[in-house]
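Read through the structure below, which is laid out as structure tokens, and then see the notes.
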Amino acid sequence: MLELTYLREHREDAEQRLAKRNIDAAGLLDTARQLDDLRRNTQTDLDARLAELNLLSRAIGDLMKSGKKDEAEAARAKTAELKASAANLKEQLDAAEKALHDHLCTIPNAPSSKVPSGRTPEENVTVMQHGAIPELGPSAKPHWEIGEEYGILHMDLGVKVTGAGFPVYSGQGAKLQRALIAFFLDKASEAGYREFIPPHMVNAESAFATGQLPDKEGQMYHATADGLYLIPTAEVPITNLYRDSIVEADQLPIKMVGYTPCFRREAGSYGAHVRGLNRVHQFDKVEIVRIEKPENSYAVLEEMVEHVKGLLNDLELPYRQLLLCGGDMGFSSAMTYDMEVYAAAQGRWLEVSSISNFETFQSNRLKLRIKGDDKKNRLAHTLNGSALALARIVAALLENNQTQEGIRIPKALQPYTGFTMIVK
RNA sequence: GGAGAGGUGGCAGAGCGGUCGAAUGCGGCGGUCUUGAAAACCGCUUUACCCGCAAGGGUAACGGGGGUUCGAAUCCCUCCCUCUCCGCCA
């Protein structure tokens, strides 16, 4: 949620930035301004009324004590009207606050000045590309065929046990999965991230604070009996560890990492382009999360990208870095880089990481502030990124590394898998 | 799931209808003292919002929500959470 003070004091900037999302920025901001004015005026009135009431109450107390019963009664009679009017104003204030809040919830984050405008994924900017595209030859198979052939990935068993999009890994496939998770976690630890194992379900407050609610309600699995949501990413529980908190400036930066399975309904996406592991309802992901001072956050975003590049280099996968255009960015993000790996058999780029700076969009909902040396509180910047998302990494590894002898495991991963080759 | 106890400031812990945003202790910050440090002493030490250029003023918050009352941290209802005992259980 964008900050009201920002919208009021930097209206022009907000409008320009929001315009990159191809929305009616001016209209949204005008409405916000009007609703906020109403809220302020109502609160001013209400506060004045309550101040009067408080004064009267105190006077009544004093009169009672000094035994002036009649005067106390007279004063008491005067409160009725004030109370009614205050109650009325309170109702109006609540309504105004709700209207303002609901409206602010509909406004996406304002893209950073560095974000290119554009409507579609085609307008994303390729920042860099690295690694040779493998030449596989005509016998190359897509990962879902490889998985079946080697007996390590079973989409059909997932269908039986749960439903489409819930993969089952077995044997060396399962071990590869576990190796990747351990590898990613170790790399994050080396880079100074504190490891967390968070809950895999969250309450509505948490889902709201990181921006999944109300915007992406239908994307999450919802356990209605308990009002809980299966997490679509570890970002949600991990970032929410710092909900409603004020951190001392010298505690920063806060660097957290966590592995969790991720659950996404992906309603409405079916077809050939989502075959195999390309898009699934449950996948594993190691996520890095940062809480930072505003002046550092963009440097940190680049640092996080470098971390992810290091992982991809270690995995020997060809990859590219995209800077998302305004139209393709997530609702909560101010700037997002996507990292994609090339899956050579499919001949497609697969997104394996999304690294975003949310500026104060999340912290405003989280009520996550930094107490500075001047004792003033200000909202922190939050960032997160996949480091990395497993299913698609596995897809690319299987496809790119297929040989006559088996599936080659990258050197860096071998200490974790305990084998150098996946064989039949 | 059943029974009981309880949820107060960074922590501990008073308050149980009025001037209580809240005693006291600890912690933290500043000062006096000291060659320096400690101790001692003094002062300060929550958050959000509203009005105001500012100085300053106002409102709200004692788990959440609602109620009683001129007035609630204090009384009532309700929800949530924690603890103890019982049950169940990886």
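The values are calculated or read from the model by the stated rules, or taken from the named source; none is laboratory data. On a predicted model such as this, the values are computed, not experimentally measured, just so you know. Note: ideal-geometry Cβ built from the backbone for every residue, glycine included; neighbour counts use all protein chains shown. Each accessible area value is taken on the protein alone, full model and side chains, heavy atoms only, with ligands, DNA and RNA left out. Shrake-Rupley method; radii C 1.70, N 1.55, O 1.52, S 1.80 Å.
For the reader, a short list of remarks on this structure follows.
- Of all residues in segment A:196-214, those that are aliphatic (A, V, I, L, M) have Cβ atoms under 7 Å from Cβ atoms of residues that are in a loop (DSSP other than H, G, I, E, B), 6 or more apart or on another chain, in A:Met201/A:Ile231; A:Val202/A:Ile231; A:Ala204/A:Leu213; A:Ala204/A:Gly227; A:Ala207/A:Leu213; A:Ala207/A:Met220; A:Ala209/A:Arg243.
- Within segment A:7-27, residues that are closer than 18 Å to A:Thr360 by Cα sit with their Cβ atoms under 8 Å from residues that are open to solvent by 50 Å² or more (accessible area, probe 1.4 Å) and of a type outside the set (Phe, Trp, Tyr), at 6+ positions apart or across chains, in these pairs: A:Leu7/A:Arg33; A:Arg8/A:Arg33; A:Arg11/A:Arg33; A:Arg17/A:Ser113.
- The condition of being under 30 Å from A:Glu405 (Cα atoms) and of a type in the set (Asp, Glu) holds for only one of A:Glu135, A:Glu97, that being A:Glu135.
- Qualifying residue in segment A:84-99 (condition: touching a residue at least 60 places away in the same chain (Cβ under 8 Å), part of a loop (DSSP other than H, G, I, E, B) and under 39 Å from the mean Cα position of the chain (by Cα)): no
- Verdict on A:Glu71 being part of a helix (DSSP H, G or I) and in contact with a Leu (Cβ under 7 Å, 6 or more places away or on another chain): yes
- Segment A:224-261: number of residues that are in a strand (DSSP E or B) and more than 16 Å from RNA strand B (Cβ to nearest atom): 9
- Tally, over segment A:58-75, of residues that are more than 6 Å from RNA strand B (Cβ to nearest atom) and in contact with a helix residue (DSSP H, G or I) (Cβ under 7 Å, 6 or more places away or on another chain): 5
- Segment A:102-114, subset in contact (Cβ under 8 Å) with a residue 60 or more places away in the chain and in a helix (DSSP H, G or I), residue farthest from RNA strand B (Cβ to nearest atom): A:Cys105
- A residue that is assigned to a helix (DSSP H, G or I) and of a type in the set (Ser, Thr, Tyr) occurs nowhere in segment A:117-139.
- Restricting segment A:42-57 to residues that are more than 6 Å from RNA strand B (Cβ to nearest atom) and among the charged types (D, E, K, R), the residue that is surrounded by the most Cβ atoms within 10 Å (Cβ to Cβ): A:Arg49
- Applying the condition of being touching a residue at least 40 places away in the same chain (Cβ under 8 Å), in a loop (DSSP other than H, G, I, E, B) and charged (D, E, K, R) to segment A:367-412 and asking which residue is surrounded by the most Cβ atoms within 10 Å (Cβ to Cβ) yields A:Lys367.
- Condition met for A:Leu324 (under 18 Å from the mean Cα position of the chain (by Cα) and either surrounded by fewer than 22 Cβ atoms within 10 Å (Cβ to Cβ) or farther than 22 Å from A:Val125 by Cβ (or both)): no
- Scanning segment A:85-94 for residues that are open to solvent by 60 Å² or more (accessible area, probe 1.4 Å) and away from RNA strand B (no atom under 11 Å from the Cβ) returns A:Asn88, A:Gln92.
- Filtering segment A:339-365 to residues that are of a type outside the set (Ser, Thr, Tyr), open to solvent by 10 Å² or more (accessible area, probe 1.4 Å) and assigned to a strand (DSSP E or B) leaves A:Glu340, A:Arg348, A:Trp349, A:Glu351, A:Phe358, A:Glu359.
- First in segment A:232-247 and within 17 Å of A:Gly385 (Cα to Cα) and modelled with pLDDT of 90 or more, second anywhere and of a type in the set (Asp, Glu) and open to solvent by 10 Å² or more (accessible area, probe 1.4 Å), Cβ under 9 Å, 6 or more apart: A:Asn240/A:Glu205
- Some residue of segment A:337-353 being among the aromatic types (Phe, Trp, Tyr), in contact with a Lys or Arg (Cβ under 8 Å, 6 or more places away or on another chain), in the same structural domain as A:Gly147 (by TED's automatic domain parsing) and in contact (Cβ under 8 Å) with a residue 24 or more places away in the chain: yes
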